[in-house]
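Structure first, commentary second.
Where a number appears in this text, it was derived from the coordinates with a stated rule and is not lab data. Keep in mind that this is a model prediction, so the values were computed, not measured. Note that we place each Cβ from the backbone using ideal geometry, even for glycine, and neighbour counts take in every protein chain shown.
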Amino acid sequence: MFETVVFLTFLGLTLVAVVVTLIYGLKKRRRAHLVSAITTAVLLVVTIVFALLLGRVRDFPPEEMAIHKIFSNSGTYLFLAVVFTGSMLWKSPGWRWAHRICIGLFLVAALCATATGFWVFTLSTPIPAPGLP
């Protein structure tokens, strides 16, 4: 139960941080956008760690989990693309189009990962603790 509550808490914080980062970026508040992006990255890593821990206490159906992993892995890789294009944009304004495309793809992947994650969670069952019936 602890893993579930902590995971959901960090997932919520991560989603809020993504929205805040997006707002700062759209308002062209570079310093706040950068700080928020770094905060989002840290929250994303913590969320992934707790998602992995959640797999130790819940049994997820493998076929449905495979669908979720496509989106969650895509979101992770696209986040790296967002970071890369953002760092290039810092040096050259010509990277703005690539950064925006990566952001759009990341947001779609993150939305799909969140939706499929909740779907798979509803299909999962708790794993009983050792020694308990």
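So the values come out like this:
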{"quantity": "Hydrodynamic radius by Kirkwood, which averages 1/r over all alpha carbon pairs of the chain, in angstrom", "calculated": "15.9"}
{"quantity": "Environment charge at A51 (Cβ cut-off 13 Å; Lys +1, Arg +1, Asp -1, Glu -1)", "calculated": "+2"}
{"quantity": "Degrees separating the helix 96-123 axis from the principal Cα axis of the chain, which is the longest one", "calculated": "10"}
{"quantity": "Virtual spin-label span in nm between L13 and K28, 7 Å along Cα→Cβ", "calculated": "3.3"}
{"quantity": "Distance from the range 1-60 to the range 69-127 (C-alpha centre basis), Å", "calculated": "12"}
{"quantity": "Of G117, T85, P128, farthest towards positive along the dipole that unit charges on Lys, Arg, Asp, Glu beta carbons give the chain", "calculated": "T85"}
{"quantity": "Highest-MSF residue in the chain out of L105, L52, L11 [GNM, Cα springs under 10 Å]", "calculated": "L52"}
{"quantity": "The chain - percent relative contact order, Cα under 8 Å, separation 6 or more", "calculated": "27"}
